Amino acid sequence: MTDRLTPAPDRFPDAPRVGIGMIGYNLMGKAHTNGLLKIPHMMYPPAAVPVLASISGRTETAVAEAAARYGYANYSTDWRDVVNDPAVQVLDNSGPNALHAPATLAAIELGKHVICEKPLGMTAAESRQLWLAAEAAGVKHMTAFNYRFVPAVQFAQQLIQDGVIGDIRHFRGQYLQPSLVDAEAPRKWRLDRAEAGKGTLGDLGSHTVDLARFLVGEPVRVNGIVKTMVPERPSVEDPSALQPVTVDDAFVALMEFGSGAIATIEGTKYATGRDNFNQFEINGTRGSIAYNQEAMNELQLYTDDVGPDGANGFRRVTCSQPGHPYAEYWWARGHIIGWEHTFVHELHHFLDCIVNDKEVAPLGATFEDGYRVDVILDAIAESSDSNGNGVTISF
């Protein structure tokens, strides 16, 4: 029996170490860090072993506690300390939207690779600046659209590419949450244009637009309605004072793809009973695919090949079988995974691209993808004021 005080041998002697700097410690910082910690143990053998070098956040007591809990070597309330840390080779920008551009640009100027949460920029113009800067610097760049890394979503893409459902005619996408149902809920930073840039359109709609592009293709025209349901909410600092809500909190849109397919998409934070209802349906000439994030291990598949008994209809496919995306890294067939595992897949892909000089696209979303999504989101917002005439997409 090995003495427990004897240092364990290096379990990953052949895997390079990559220093990670994290901005943010709440939902996204926590999700990304959890993914990084799981990579060497589950994505075995790992392309690289993440080394948690530094983390930043606004509140010192909270970021210090997060650093201790997660295992970051250093912490700071100033994101510049993370970016400038010589031990940081990759910046994981999971901070508030207003920090996406300044921190990302600072890291790029130092030649560091960056994965940045969505929406990439406060505006499409800002996202374009980040994309062009990263390309000019020759660093790897990725917009963190983690739903591309759901096994069922990747399996859906494979079915589409293999022609199983024929030519695509329709895409229907919804992202519904209930977080703003209470009109007295405080006006947090996501409801302030100066901090968030976009509202529900950027927070939820960006995922739906990215999945539409990932699975169907590039939209060429949009027509939408963008709405702020509750124009004022209580201040976080002083609940007795009301502050204006300066971003949208619900939207609906029509889209037309270059292929001729059409789409309807919507997002809202007023959907009572829908906790994280991120779903889509795709109709083709030979079949259909339906997916719901609240049952993320399942894909509903319809094909026009009628069985010998004449029966046909949608059938459920549990996407944790041998041969399905990422099944080799997790559990026995039928033993499902969760939302947090999408970040394991996403971040491992990014590290693999860095250490092995692979292309982030088309599986991962580059900064160009983040820019194109923001162009489409801005066009939806613009079309809401266009008297129903719609807006042609121009990249």
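Some values worked out for this structure:
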quantity	calculated
Distance (nanometres) between label positions extended 7 Å along Cα→Cβ at N34 and E359	3.3 nm
Spacing of the two label points (7 Å from each Cα toward its C-beta) at V230 and D162, in nm	4.7 nm
HN-Hα J in Hz across region 154-159 - Karplus 6.51, -1.76, 1.60, θ = phi - 60°, x for Gly and Pro	5, 5, 4, 4, 4, 4
Coil-residue trypsin sites (Lys or Arg not before Pro) of region 133-223, DSSP, other Cβ within 10 Å capped at 14	K188
Whether region 336-395 is rounded, prolate or oblate, judged on the alpha carbon gyration tensor where a/c under 1.5 counts as rounded	oblate
Percentage relative contact order, the chain, counting C-alpha pairs under 8 Å, at least six apart	19 percent
Of the trypsin sites (Lys or Arg not before Pro) in region 236-290, those whose Cβ has at most 14 other Cβ within 10 Å and which sit in DSSP loop	R286
Lysine-lysine proximity count for the chain, Cα under 29 Å, sequence distance 8 or more or distinct chains	29
Prolate/oblate/rounded label for region 107-187 (Cα gyration tensor, a/c 1.5)	oblate
Separation in nanometres of the label points that stand 7 Å from Cα toward Cβ, at E294 and V220	3.6 nm
Linear extension gain, I336 paired with R80, 0.36 nm per residue minus alpha-carbon span	88.2 nm
Sum of side-chain charges, T268 neighbourhood, beta-carbon under 9 Å (Lys, Arg +1; Asp, Glu -1)	+1
Ascending count of other beta-carbon atoms within 10 Å, so fewest first, for S56, S240, S320	S240, S320, S56
For the chain: rounded, prolate or oblate by the Cα gyration tensor [a/c cutoff 1.5]	oblate
Contact order relative to length of region 17-147, as percent, for alpha carbon pairs under 8 angstrom and 6 or more apart	23 percent
HN-Hα J in Hz across region 98-112 - Karplus 6.51, -1.76, 1.60, θ = phi - 60°, x for Gly and Pro	5, 8, 4, 5, x, 6, 5, 5, 5, 5, 4, 4, 8, x, 9
Fewest-first sequence of K358, K112, K30 by Cβ atoms within 10 Å of each Cβ	K358, K30, K112
Protection proxy ranking of 372-382, 288-298 - average other beta-carbon atoms within 10 Å, highest first	372-382, 288-298
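We did not get these values from a lab; they are worked out from the coordinates using the rules stated. In this text the structure is predicted, and so the values were computed from the model without any measurement. Note that each Cβ is placed from the backbone with ideal geometry, even for glycine, and that neighbours are counted across all protein chains shown.
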